[in-house]
């Protein structure tokens, strides 16, 4: 039998898979910055090997195999990324308990939907893509060993057949099915606050009320918009707070109260929900970047509030200006 002829692969062919590969690598790695690096490396390796691609699998399957190997290499020997709720119990809303910054590389970091969610396609598939980059889901995935994580994402998020997932992972179908079974058991055993929950599809009216209340720093109004057991996290601080009353008490502590008078700038969809860049008043004039706010709504009220405080690194990644006049 004559050798299989190489199949031509162009840069445009590779580029059309960038978004879905970024979403895959983000779910694997838990970092928008690392996902971008992993996809860049995937494209580079694929382009270098393009002349030898013989078309024995689809280009998509080939790229996922390369991306999976890169992610597994990046995950080898390092601790999992997390949000504060994974690291210890909730704290009282007392500023003295805040503690110091923890290193960037232990935290889940955010990602814009327009990097990881398909731009066009079946609305139901786009909804699934959004749901599976939400912070609670990404954080839960990080509890899984890397190969179980990959199997779960490939089969249950991307709906890849087990035979294709096995080829992507370089293993057998029974091994993939076993990994899926163990992954599901691990996720089901997580504490309630660490498990993803469904979010409301239409959040716009409630979130508009939130923006108004936060910019006026009206705690009486704000507390009515939060679930009684709402969770608030502020990476890179390990402290987290549970309960609507406690969240609002925290916001009136001496340092947090400096956020009074803040402006919230919409940044579109981030991790499957609407998000804002928060600029707080600058003593030298104008407004300084402070937090990327990414909140989830469930049952008609806000259930999770996440304030990413690493503004110096995060704001440029989301196209937010370094200062407001």
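The values are calculated or read from the model by the stated rules, or taken from the named source; none is laboratory data. Please read these numbers as outputs of a predicted model, since none were measured by experiment. Neighbour counts run over all protein chains shown; Cβ positions are idealised from the backbone, glycine included.
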Checklist entry - Across the range 51-86, what is the total count of residues that are farther than 19 Å from residue 32 by Cβ and at pLDDT below 90? => result 11
Next on the checklist: So, residue 41, is that one farther than 18 Å from residue 138 by Cα, in a helix (DSSP H, G or I), modelled with pLDDT of 85 or more and within 24 Å of the chain's Cα centre (by Cα) or not?
Outcome noted: yes
Checklist entry - Is it the case that residue 269 is under 29 Å from residue 196 (Cα atoms), within 18 Å of the chain's Cα centre (by Cα), surrounded by fewer than 21 Cβ atoms within 10 Å (Cβ to Cβ) and touching a residue at least 24 places away in the same chain (Cβ under 8 Å)? => result yes
Item to check | helices (runs of 4 or more DSSP H) (entirely within the range 146-226) containing at least 2 residues that are closer than 24 Å to residue 19 by Cβ and in the same structural domain as residue 300 (by TED's automatic domain parsing) | outcome: none
Checklist outcome for this item: Reported set for the range 129-141 where residues are farther than 18 Å from residue 268 by Cα and surrounded by fewer than 22 Cβ atoms within 10 Å (Cβ to Cβ) is 137, 140
